[in-house]
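What follows is a short report on a single structure.
The values are calculated or read from the model by the stated rules, or taken from the named source; none is laboratory data. Note that the structure is a prediction, hence the values are computed from the model and not measured. Neighbour counts run over all protein chains shown; Cβ positions are idealised from the backbone, glycine included.
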Amino acid sequence: MRQDLESRYGICDELSAEFERDVNQRTGCLQAPTSAGLIGSCGCGHHTFDLGLNGHRSAPRGLVLGCHRVIADGPLKPGLDVSPQWLREVIKLPYKFRTLYESLEQKSEPTLVLTFDDGDPSVGANALPALAAQGIRATAFLIVEPGHPMPRFWSDLLAAGWEVGSHSLTHPALDFLDAHQSRTEIRDSKLRLEDLLHAPIRGFAFPYGRFGRREIDFVAEAGYEYAVTTLPWLPPRWRSHEIKMVARKMCEESTPMWKIRALADRRSLRIAGWLVDESLYRINAIRSEPSSPLRVLPTTERADPELKPGEDS
């Protein structure tokens, strides 16, 4: 069981070695994670470096936060839900708030970006009015399943100045699909959202944070301008200069404000924060304890051979 979990969810030896080579070439002062998930130093007093998605096109200054549901009443699901009170605490932080696309286009000052996945009705009921009261716009990544009517609040998001992006048609783990299915989820969700909302769809958020090099190609091929990932670093062989890759911090009710401020102010801390989250995820998985799917790393294994864009299986 441990071996299966390590192969599907862990940082494999190959990626660990690749991470170490890549970062040491850029900084010469960072201890890489081991295959056991040990956390190394994230910097020193003599160097300043960017541990974002190196090798990709421009990334926003500041921090991108990821949320799902905003639940006012009832229990909050760990790893998934936040409350309106948590959201109000975030918007009190001393940062400029923009949509994700705006943060990519206007990088003159550090910003906080709020994103909401799935298109849950609680976003329209609780997040939209709370942010609108402060003049804050956010980004929503929507699941647009064929045959389901469009919720009315999706139009309300656009009317309030929010950005809308795609989160696929049915929220699958894309890297476990064959090439045709994966490409369809990415491409057709964009087309359907643009048809329903009559607005450009520029961004794509990978369901469960899962993707491979193949999915990066499919996103670029479909005409998106950027894709969102939970990983602060990518292996060089997965990088593409055709698409912007944006890292974000997934949040839940227990995410403290001090951590958000620390990550927003010091980009070099994000790799350390991600390593902590990943280590805890794997420990909990091995113990068979409930854990969030948001921490899952992309697998290097495929259900089908790697295909180039335009080649369906």
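Suppose we filter ILE201, ILE216 for residues that are assigned by TED's automatic domain parsing to the domain that holds TYR101, in contact with a Leu (Cβ under 6 Å, 6 or more places away or on another chain) and touching a residue at least 24 places away in the same chain (Cβ under 8 Å); which single one remains?
After ruling out the rest, the residue left standing is ILE201.
So which of SER103, SER108 ends up being at pLDDT below 95, surrounded by fewer than 19 Cβ atoms within 10 Å (Cβ to Cβ) and within 24 Å of ALA247 (Cβ to Cβ)?
Residue meeting the stated conditions: SER108.
Considering only residues that are out of contact with any Ser or Thr (no Cβ under 7 Å at 6 or more places or on another chain) and either touching a residue at least 12 places away in the same chain (Cβ under 8 Å) or in a loop (DSSP other than H, G, I, E, B) (or both), which ones fall in the range 187-196?
Listed by number, the residues that qualify are ARG187, ASP188, ARG192, LEU196.
Please state which one of PRO146, PRO172 is surrounded by fewer than 14 Cβ atoms within 10 Å (Cβ to Cβ), in a loop (DSSP other than H, G, I, E, B) and not basic (Lys, Arg).
Within the list PRO146, PRO172, the selection yields PRO146.
What single numbered condition from (1) over 28 Å from TYR224 (Cα atoms); (2) at pLDDT 95 or above; (3) surrounded by fewer than 16 Cβ atoms within 10 Å (Cβ to Cβ) fails to hold for LYS77?
Single failed check for LYS77: (2).
Could you tell me whether the range 121-131 includes any residue that is assigned by TED's automatic domain parsing to the domain that holds GLU253 and within 15 Å of LEU63 (Cα to Cα)?
No: the range 121-131 contains no residue that is assigned by TED's automatic domain parsing to the domain that holds GLU253 and within 15 Å of LEU63 (Cα to Cα).
Restricting to the range 232-258, give me the number of residues that are more than 24 Å from HIS68 (Cα to Cα) and assigned to a helix (DSSP H, G or I).
Residues in the range 232-258 being more than 24 Å from HIS68 (Cα to Cα) and assigned to a helix (DSSP H, G or I): 3 in total.
Do we find that SER166 is hydroxyl-bearing (Ser, Thr, Tyr), in contact with a Pro (Cβ under 9 Å, 6 or more places away or on another chain) and crowded, with 23+ Cβ neighbours inside 10 Å in this structure?
no
Go through the range 124-156 and report how many residues are touching a Ser or Thr at 6+ places or on another chain (Cβ under 9 Å) and hydrophobic (A, V, I, L, M, F, W, C).
Qualifying residue count for the region: 6.
Those residues that are of a type in the set (Phe, Trp, Tyr) and closer than 22 Å to PRO84 by Cα, I need them from the range 228-272; list them, please.
Residue satisfying the conditions is TRP258 alone.
Specify the residue that is surrounded by the fewest Cβ atoms within 10 Å (Cβ to Cβ); the eligible residues are those in the range 80-95 that are in a helix (DSSP H, G or I) and aliphatic (A, V, I, L, M).
Per the criteria, the residue is ILE91.
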